[in-house]
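Participant: Starting off with a structure, shown below.
The values are calculated or read from the model by the stated rules, or taken from the named source; none is laboratory data. Note that this is a predicted model, so its numbers are computed, not measured. Backbone-built Cβ (ideal geometry, glycine too); neighbour counts: all protein chains shown.
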Amino acid sequence: MKTFKLILVLLLSLFPVIQAPAATSPTFDPVFALVEALRRGEDVKVEVRVGATTFGVYREESEDITKEVYDSLLIGKSIRSTRLEFRHDGLAVVNELTRNLSAGQALQSGKNSGQPKSWFKDVSTRVGSYPLASWSEFLKAGFAHGLVACDTFREKDFTLINLFFGGVGPKRVSLGSGSLELSDGFYEYMKVSDRFKPSTGSDGFVVIVHDPHSSVTGALQLVPGLKALTSVNAKLGFVFLVEGEYDRAQGRRIDLGKLGETFDRLQNQTRAEGLAYDLLSRYMIDSPTAYRLLYDRKLEAFAIDDLEHLGLSSPNEALVDHIKIAEAVRDFYRAIEKEDALNSPGNRSAKESIQRTLGVVAAYANAGLEGANDQTLVEYYKNLSELLNNATDLGKKIMQASPGIQLGPIVDELTIQAKACDRERREYSEGINRNATMSKYIAEYARQSGRRVPIAFIGNFHTYGITDYLRKQNIGFVVVEPHFGYTSREELARFNEMLYSDTRPRLLQTLQGNHKLGVRPSDQEITKYYAPYLDGRLRQFTKQDDALKRQLASLPTSGFNYQHFSEIRRQNPSLMVAAVEVGDGGDGSKLPPGFDGAFAFYDPPGGPNPNGRFVVVDRNDDAWRAQGRYRYLKEAFLVLSSSESRKEGKSTFWYDRESNQWFAGLYRPETKRLYFFEGSDKVTGILGQVAALKPAKGQDTSVRIVITELIRLLIDEDRNNG
């Protein structure tokens, strides 16, 4: 990482939720005033920097400047690093002059791509400084301001801690003649987008939902979030508009057909929640379909996509992997460092040129994509593909000149990634083309919103283009999304396989993890795959449920309530199929040291437990007699990503208003297990574990304070096929 920072300087030559009642320590008031502004959607950036004995909280503010001011800031100054960054209006080059001052230039797009169009400076101001000993008090105060999750990344020379706070959105949004109510129940699962503010219009209204597509956690939150939204606005009436593949012969109306009939049959035997969530968690149906199956079969739904620009067969190309690109560039750089021929005085200029080329590739590969809009992403992947091809050609020439240098595997990987980037460019371009059709249908239904309010489900890639169209049509909108939508690389790969008609049958045959179909599965797929699968799942659940009954019947009376657990189990897809064990608290081997306060744990599917395992640590614990744990386990979807190898740990927090109690789930990668805790002291202790400050000599430790969001990988999960 340090080497890349030195290389990136050379770029200059290339570019001319839920709040618990609690008191906040007055010491931290200035900091949490900023946090509250961030939660309200204001443009605030807050960072915590950690020193040897203190931690400081900084606010970053951006200001537009002239080219003359920009030049004056850079002339004669040493530059710590240069990075590429996506802002709301496109790609920018940011030069870090000091830890508290950066000067940047936004770049033009299109034919003038890469040329500066405006200049800015980012200034960080310290809001407060506190001794490290007060860090635990700072974290504890965070709960009173909507702290809902935390994760930690630790590398050799840096540590990044993310503190996620729930956003604070409006109680209602104007529909023109009325309003759309947004209840506390809605905000438990979802948020109003802070990137796309609600907009009013006199010619109609639409609710735009960022469908999380390949995120299981996001999809599982979306269904109860929709239920909360429609229940409190029942007098309005709704219609669903869904992005995705549909059958031309059947038209755009989305009929539940045989899938609805299958669920009607199953509902005669058991409640359908668990089975619907199970299909959703395996990407066999999408969230709008799950909602209709469970809550409103009469709610009409229509497909709004453009099949002419929607890829229906798989491209058989690799996905972009930014980490592999960065690793290949690093290995390329190390290889030329060791090459004697390139280290001779006569080749110094050639070596510097190679370093600059690799530096640009590294900068592009490491650019954060969070703020990128649709057209910017097309240009980004076009440029990255070209840069990778240039690096590949360069590697081939070096190997010809110096046969002993080992660049073959590196060149092969760069070639693969160049093709993957070009595929990404094509798909994003097709995604932009699809915006026109989706915008037309959304606007058509929005103009009828006096009769029923349309809810349009789209991937967040499309939001820029569609909302721009709606504003021009004088149509109001609000953009909402689930709180969390993490997608692992494994999920993303399965997502792409499930999208296409030529790869989908194999996945349906195995019924392993797969992803979003079109707007609904075909009748043939339902008959051949879905109905037998659901029958088998029901038998499996019944068998496991009977085994748990027998186990509990053979034990003395305990605090653990089977009836309550069985009820919430049917509403949690992971618990529904997991093996369940009930312990008596006496087996110390079940919990590793430091986790003895957990009341239960969950092993994700794999190994000896192909469907996962849920273990109640102590059935005699009196806390099982209350309802709080059961309500929490209903909401804890238990979806984990084993690919989070860089994470030291991840925790999520949930406040039960009825019992006035805090709960936490802690995932530890070393055990690949999720532990559950109850009580404010234990929850605070868990947060202290995950967010512990461990400043070390030569290590940079930072804490980001952000609002819960649809977290995206370096690979963007919301591609055009979503």
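Participant: Among the residues of segment 454-483, write down those that are basic (Lys, Arg) and under 23 Å from residue 707 (Cβ atoms). Quick ask: steps written out before the conclusion?
Facilitator: In the first step, residues of segment 454-483 are kept if they are basic (Lys, Arg); the result is 471-472.
The answer is none; no residue qualifies.
Participant: Given the residues 225, 201, 185, which is the only one that is farther than 29 Å from residue 274 by Cα, assigned by TED's automatic domain parsing to the domain that holds residue 463 and either among the β-branched types (Val, Ile, Thr) or not in a strand (DSSP E or B) (or both)? Break it down stepwise before answering.
Facilitator: On the way: 225 fails: farther than 29 Å from residue 274 by Cα; 185 fails: farther than 29 Å from residue 274 by Cα.
Criteria check complete, one pass: 201.
Participant: Right, another one. When segment 682-711 is examined, which residues are found to be part of a loop (DSSP other than H, G, I, E, B), of a type in the set (Gly, Ala, Ser) and at pLDDT 80 or above?
Facilitator: Quick first cut of segment 682-711, residues part of a loop (DSSP other than H, G, I, E, B) only: 691-699, 708-711.
From what is left, the residues that are of a type in the set (Gly, Ala, Ser) are 691-692, 696, 698.
Residues satisfying the conditions are 691, 692.
Participant: Here's something else I'd like to know. Look through segment 369-399, keep the residues that are within 18 Å of residue 108 (Cα to Cα) and modelled with pLDDT under 80, and return whichever of them is surrounded by the most Cβ atoms within 10 Å (Cβ to Cβ).
Facilitator: Selected residue: 372.
Participant: Here is a follow-up. Residue 162 fails exactly one of the following numbered conditions: (1) part of a strand (DSSP E or B); (2) within 18 Å of the chain's Cα centre (by Cα); (3) in the same structural domain as residue 293 (by TED's automatic domain parsing). What is the number of that condition?
Facilitator: (3)
Participant: May I pose another question? Yes or no: segment 394-417 includes at least one residue that is under 23 Å from the mean Cα position of the chain (by Cα), among the small types (Gly, Ala, Ser) and not assigned by TED's automatic domain parsing to the domain that holds residue 193. So that I can check it myself, show each step before the final result.
Facilitator: Kept after step one, since they are under 23 Å from the mean Cα position of the chain (by Cα), are these residues of segment 394-417: 417.
Going one step further and asking which of them are among the small types (Gly, Ala, Ser), we end up with none.
No, the conditions are met nowhere in segment 394-417.
Participant: Quick one: in segment 439-488, of everything that is aliphatic (A, V, I, L, M) and assigned to a strand (DSSP E or B), which residue is farthest from residue 207 (Cα to Cα)? Step through it out loud before you land on a result.
Facilitator: Applying the first criterion (aliphatic (A, V, I, L, M)) to segment 439-488 yields 442-443, 446, 453, 455-456, 458, 466, 470, 475, 478-480.
In the following step, the residues that additionally are assigned to a strand (DSSP E or B) were identified as 453, 455-456, 458, 478-480.
On the way: 453: 7, 455: 5, 456: 6, 458: 11, 478: 5, 479: 6, 480: 7 Å.
Out of the qualifying residues, it is 458.
Participant: Still on this structure: Taking only segment 214-244 into account, find how many residues are more than 18 Å from residue 638 (Cα to Cα) and not β-branched (Val, Ile, Thr).
Facilitator: As a first pass, look at segment 214-244 and keep what is more than 18 Å from residue 638 (Cα to Cα): 226-244.
Adding the requirement that they be not β-branched (Val, Ile, Thr) leaves 226-229, 231, 233-238, 240-241, 243-244.
Going through segment 214-244 one residue at a time, the tally reaches 15.
Participant: Kindly check whether there is at least one residue in segment 111-125 that is in contact with a Phe, Trp or Tyr (Cβ under 8 Å, 6 or more places away or on another chain) and among the basic types (Lys, Arg).
Facilitator: Scanning segment 111-125 turns up at least one residue that is in contact with a Phe, Trp or Tyr (Cβ under 8 Å, 6 or more places away or on another chain) and among the basic types (Lys, Arg).
Participant: Which of the residues belonging to segment 363-384 are among the small types (Gly, Ala, Ser) and outside any helix (DSSP H, G or I)? Before the answer, list the steps.
Facilitator: Keep residues of segment 363-384 that are among the small types (Gly, Ala, Ser), which gives 363, 365, 367-368, 371-372.
Selection gives 367, 368, 371, 372.
Participant: Tell me, which residue of segment 107-154 that is among the charged types (D, E, K, R) and under 27 Å from residue 377 (Cβ atoms) is modelled with the lowest pLDDT? Walk me through how you get there before you give the answer.
Facilitator: Initially, segment 107-154 is screened for residues among the charged types (D, E, K, R), giving 111, 117, 121-122, 126, 137, 140, 151, 154.
Applying the additional criterion that residues be under 27 Å from residue 377 (Cβ atoms) yields 111, 117, 121-122, 151.
On the way: 111: 63, 117: 85, 121: 95, 122: 94, 151: 84.
Within segment 107-154, the match that is modelled with the lowest pLDDT is 111.
Participant: Among the residues of segment 567-577, write down those that are modelled with pLDDT of 80 or more and crowded, with 18+ Cβ neighbours inside 10 Å. Steps first, answer last, please.
Facilitator: The initial filter retains those residues of segment 567-577 that are modelled with pLDDT of 80 or more, namely 567-569, 575.
Matches in segment 567-577: 568, 569, 575.
Participant: What's the number of the condition residue 94 fails, among (1) in contact with a helix residue (DSSP H, G or I) (Cβ under 9 Å, 6 or more places away or on another chain); (2) modelled with pLDDT of 85 or more; (3) within 26 Å of residue 378 (Cα to Cα); (4) not small (Gly, Ala, Ser)?
Facilitator: (1)
Participant: May I ask you to verify whether residue 560 is part of a strand (DSSP E or B) and more than 28 Å from residue 259 (Cα to Cα)? Step through it out loud before you land on a result.
Facilitator: Numbers: part of a strand (DSSP E or B): no; more than 28 Å from residue 259 (Cα to Cα): yes.
No.
Participant: With respect to residue 220, is the statement that it is in contact with a helix residue (DSSP H, G or I) (Cβ under 6 Å, 6 or more places away or on another chain) and over 30 Å from residue 55 (Cα atoms) true?
Facilitator: Numbers: in contact with a helix residue (DSSP H, G or I) (Cβ under 6 Å, 6 or more places away or on another chain): no; over 30 Å from residue 55 (Cα atoms): yes.
Criteria not met by residue 220.
Participant: Looking at segment 434-448, which of the residues that are out of contact with any helix residue (DSSP H, G or I) (no Cβ under 9 Å at 6 or more places or on another chain) and over 15 Å from residue 199 (Cα atoms) is surrounded by the most Cβ atoms within 10 Å (Cβ to Cβ)? Give the steps one after another, and end with the answer.
Facilitator: In the first step, residues of segment 434-448 are kept if they are out of contact with any helix residue (DSSP H, G or I) (no Cβ under 9 Å at 6 or more places or on another chain); the result is 441, 444-445, 447-448.
Of the ones still in play, those that are also over 15 Å from residue 199 (Cα atoms) are 441, 444-445, 448.
Numbers: 441: 18, 444: 14, 445: 21, 448: 13.
Result: 445.
Participant: Which residue pairs have Cβ atoms closer than 8 Å, lie 6 or more positions apart in sequence or on different chains, and pair a first residue in segment 280-291 that is in the same structural domain as residue 220 (by TED's automatic domain parsing) and within 15 Å of residue 637 (Cα to Cα) with a second residue that is part of a loop (DSSP other than H, G, I, E, B) and aromatic (Phe, Trp, Tyr)?
Facilitator: If the second residue must be part of a loop (DSSP other than H, G, I, E, B) and aromatic (Phe, Trp, Tyr), the pairs left are 281/637.
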